[in-house]
Amino acid sequence: MEETISQETTVAEQITENAAEVVENDEPKVEEKPQRRRRSASLEKKRAMAGYVFVLPFILGVLLVYLPILIDSIWWSFFIRSYVPVDGVMTEVYTPNYFNFYINAFVESPSFVTTLLSSIQQLLFEVPAIIIFALFIAVVLNQKMLGRAAFRAIFFVPVIIATGLMDSINGADIATGQTQAGIDDGTGASAGAGIINMLDVQYIFQSMAIGGELVTYVVGLVNNIYNIINYSGVQMLIFLAGLQSISPSIYEACRIDGATGWETFWKVTFPMISPMILVNAIYTVIDSFTRSSNPMMVFINGQTTVDPHYAIAMYWIYFVVVLLIIGVVAAIASTMVFYQRKD
Amino acid sequence: MASMNEESTPVVRRETKNSISVDFEGKLTFKERLIQKLKEANTWITAGVNVLKFILMLGVSFVILYPFLARIANSFMTQADVLDATVSLVPKNPTLEIYQAIIFENNYFEGFINTLLLSLMCAVIQMMVSCLVGYGLAKFKFKGNSIVMIAVIVTMVIPHSALQTSIMKHFASFDLATVLSWQYPGIIELVTGDALDLTFTFWPLFILSIGGLAFKNGLYIYLMRQFFKGVPDELEESAYVDGSGVFRTFFQIILPLAVPMMITIFLFSFSWQWTDEFYHSLFFYTDDPQFKVILMPDMYTQMPPSLIPPNGYGAKTLYYNIVQNTAGMLIIAPLIIMYLFCQRYLVEGIERSGIVG
């Protein structure tokens, strides 16, 4: 014990001596400064290296696998495919077409731009509705209630339906009119006929005198309830996981300080869940745009049978537009996001 | 019983030989009783809210489940019941013949094992990769961080169905970093002399999963990044101060906090791989029994031979649809069971998180 103490004291003395030297002389001071800088830079570099290691699988995947696939796809959009008989056998011949497909999409194609605009309109309508509904359901499902496990299992079903397989089974159903009795199944044909009469809803809201746009919005929501429920399964589960990761001790502190449930939701739950709101906003935009039932995707898929390369060119225009819209949505949503950090 | 005037002593009554009842009501002032009433009213309000919530959930569940009710009812029908116009929802002669035919003639159990292997591997790989990449993007400042983030968003935006010919070509003759693969050789071809044919194997999906590029993996990465951004930096700093390295901090301190998110991602990737039809059509589509890998979509694309209705049967397409729907139900049933097990972890996963003080 004594030895270690004495060692420590000597070390401390040395440090103080060094410090004294530094204070006394100007020259070591100048030497010390770059040393410190270098040290902090190397720490930053270490952190950056660790960051690269974490991201490495994705970077490798993109560079080695994904980018080649993308480049091939873009490459095809600059060529016309035609069949030419060579020695009596029809062979594929690719002739360069430059940007003609891209220009044609805007100039010649009859409904490219109008379909694009209508899908953006549909998006503006859907995104807020889906996010609010998903958050609401997630908050309710996060509380203790009768049959919570069963409800959670039921609300998981739309997630499974979100893939292609169940989509095509659903499609077969709607084609034969199997499930149309009494409920809106998303085709719009039987919208609301069974649950609520649209005119009633319209009447209620019009008598409240709250403006025509809001009335059409709410009526549209009720019309679309089947779709909104089925498209918000993923968002709901993300919100649920987000709510689960809020520490219970924060709520405890709120209760001790006498906050009501309403205050707790807006002052604690909402800020803590806001990063997930950003994820869900962006995911909803992407899901809405690239869902196979989106009018634009249907339109481009129809073009695929006519000329696959033209369709690829249209896809690329469409994805650039979608990326721009995502940029706007992210910019709006990220102003509201709260991260639990120091700065 | 007690009168308001007797304030000092509670009323004691002898009810039977051996028991008395003490009535304290006389001691309560008017204000206290009012508060008590209000409290009772409050419990009534919460009970009412709970009932309302329950009814709402029941309603939304009904909207989700109604199509399935019709399908379940239809799945017990015989061919005669389908033709019968008087039969709606409740079959006259309920049978299990459709289930039997799908399970035994379409090799349901073989498909189940194969798909379980594939989905489990893909889900675990995707979950781990998205955790790693999300953490790297959220907590480390390095050159190109925002570029990687944009790349993640781009992989989310471009659906694989738009790239299907390109993907198919790339995995039929798989090579690393081959731009314009029909013209220039890639790394594998330079080393071994030939590109690999990966169709009819699980490798294309494993490779996409490892690279974080499989179905909707961009969403998982973004989700994890947002989650880790929300985790306070103090946690890691205190771990660093205690001498823990970056990776140990990640695996021992940060990852346990992310259990609900990880389970959510596992559920998504598992169930989407389980019900996947698109990659099945790209990589596993064949009639040749030598290469055939039976997976879940085969339950639904093949009509079991014993169920093919006789010639002149009136409702052929309708019956085919009923068989397909039954197959669909058999496909998603294991997922629902799995979810019931996993959702417990969604509730219990995160009791120990957060910074105290």
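The values are calculated or read from the model by the stated rules, or taken from the named source; none is laboratory data. Bear in mind the structure is a predicted one, so any value in this text is a computation, not a measurement. Here the Cβ positions follow ideal geometry from the backbone for every residue, glycine too, while neighbour counts run over all protein chains shown.
When you go through (1) touching a His at 6+ places or on another chain (Cβ under 9 Å); (2) among the polar types (S, T, N, Q); (3) free of Cβ contacts under 8 Å to residues at least 60 places away in the same chain one by one for residue A:97, which number turns out not to apply?
(3)
For the stretch B:267-318, which residues satisfy the criterion of being among the small types (Gly, Ala, Ser), surrounded by 20 or more Cβ atoms within 10 Å (Cβ to Cβ) and more than 9 Å from chain A (Cβ to nearest Cβ)?
Quick first cut of the stretch B:267-318, residues among the small types (Gly, Ala, Ser) only: B:269, B:271, B:281, B:306, B:312, B:314-315.
Filter again for surrounded by 20 or more Cβ atoms within 10 Å (Cβ to Cβ), leaving B:269, B:271.
Answer for the stretch B:267-318, where residues must be among the small types (Gly, Ala, Ser), surrounded by 20 or more Cβ atoms within 10 Å (Cβ to Cβ) and more than 9 Å from chain A (Cβ to nearest Cβ): just B:269.
Under 6 Å by Cβ, and 6 or more places apart or on different chains, what pairs join a residue from the stretch A:64-79 that is farther than 16 Å from residue B:212 by Cβ with one that is among the hydroxyl-bearing types (Ser, Thr, Tyr) and assigned to a helix (DSSP H, G or I)?
The qualifying pairs are A:72/B:166; A:73/B:166.
Residue B:97 passes all but one of (1) more than 30 Å from residue B:323 (Cβ to Cβ); (2) charged (D, E, K, R); (3) modelled with pLDDT of 80 or more; which number fails?
Result: residue B:97 passes all but (1).
Please go through the stretch A:282-316 and give me each residue that is of a type in the set (A, V, I, L, M) and under 27 Å from residue A:131 (Cβ atoms), ordered by number.
As a first pass, look at the stretch A:282-316 and keep what is of a type in the set (A, V, I, L, M): A:282, A:285-286, A:296-298, A:300, A:306, A:311-314.
The answer is A:282, A:285, A:286, A:296, A:297, A:298, A:300.
Residue A:59: within 14 Å of chain B (Cβ to nearest Cβ), part of a helix (DSSP H, G or I) and in contact (Cβ under 8 Å) with a residue 60 or more places away in the chain, yes or no? Step through it out loud before you land on a result.
Details: within 14 Å of chain B (Cβ to nearest Cβ): yes; part of a helix (DSSP H, G or I): yes; in contact (Cβ under 8 Å) with a residue 60 or more places away in the chain: no.
Considered against the rule, which asks whether it is within 14 Å of chain B (Cβ to nearest Cβ), part of a helix (DSSP H, G or I) and in contact (Cβ under 8 Å) with a residue 60 or more places away in the chain, residue A:59 comes out as no.
Quick test of your reading of the structure: residue B:189 fulfils all but one of (1) more than 7 Å from every other protein chain (Cβ to nearest Cβ); (2) of a type outside the set (Gly, Ala, Ser); (3) over 24 Å from residue A:70 (Cα atoms). Name the failing condition by number.
If we test residue B:189 against (1) more than 7 Å from every other protein chain (Cβ to nearest Cβ); (2) of a type outside the set (Gly, Ala, Ser); (3) over 24 Å from residue A:70 (Cα atoms), just (3) comes out false.
How many residues does the stretch B:239-266 hold that are surrounded by fewer than 20 Cβ atoms within 10 Å (Cβ to Cβ) and either charged (D, E, K, R) or assigned to a loop (DSSP other than H, G, I, E, B) (or both)?
Of the residues in the stretch B:239-266, 5 are surrounded by fewer than 20 Cβ atoms within 10 Å (Cβ to Cβ) and either charged (D, E, K, R) or assigned to a loop (DSSP other than H, G, I, E, B) (or both).
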